[in-house]
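Student: Before we start, here is the structure in question, set down as structure tokens.
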Amino acid sequence: MYSLVYKSVATSLFNFEDIDLLLDKARSYNNRHQITGCLLYHDGKFIQYLEGPQLRILNLYDKITQDPRHTEVELLSYGSIEQREFEYWDMAFENVYGDNVQMYYVRLALQNYFLNPKPHYNTSLVFRHFWKNVGGLLNNSMV
């Protein structure tokens, strides 16, 4: 099992309809290719966590880097993982707004991703913990 995280900047602000269309297409593709993950969107910026078979993840990332809907695609981390964090999600999504404690935590952690000038080419404990928590928050919202 393999994971990869990247960040990017949307070429224009996405509205909910745009996001829904993007997610429908991503979920269908991911389901067919045994890929799971999570997409976060905040203030015109994306950060995405992908997990699945290594070759499929790398092929998808190559396609993502060519997508004209965003620029400044930057690889943040990648590496082998022992288990999926989003095994029930073809593509979990969160538009990171709201005033609850959980969204405050996610926004705070995202600031670290967007402000950190150096990518982390291994899946560090801090980033794995972040995605594990995001997965837990989203799984709890399903109940």
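Student: Got a number for the accessible area of Arg32? Probe 1.4 Å, square angstrom, nearest 10.
Tutor: Spelled out: Arg32, probe radius 1.4 Å, area about 150 Å².
Student: From the protein chains alone at 1.4 Å, what is the descending order of accessible area for Lys7, Lys45, Lys63, largest first?
Tutor: Lys63, Lys45, Lys7
Student: Would you work out if region 1-58 is rounded, prolate or oblate? Take a ≥ b ≥ c from the square roots of the eigenvalues of the alpha-carbon gyration tensor; rounded if a/c is under 1.5, else prolate when a/b is larger than b/c, oblate otherwise.
Tutor: The shape class here is oblate.
Student: Let me ask another. What do you reckon, how do Tyr6, Tyr61, Tyr78 stack up by accessible area (1.4 Å probe), largest on top?
Tutor: If we order Tyr6, Tyr61, Tyr78 from most to least accessible, we get Tyr78, Tyr61, Tyr6.
The values are calculated or read from the model by the stated rules, or taken from the named source; none is laboratory data. Quick caveat, the model's predicted, so the values are computed rather than measured. Remember, those area values only see protein heavy atoms, side chains included, never the ligands or the DNA or RNA. Shrake-Rupley method; radii C 1.70, N 1.55, O 1.52, S 1.80 Å.
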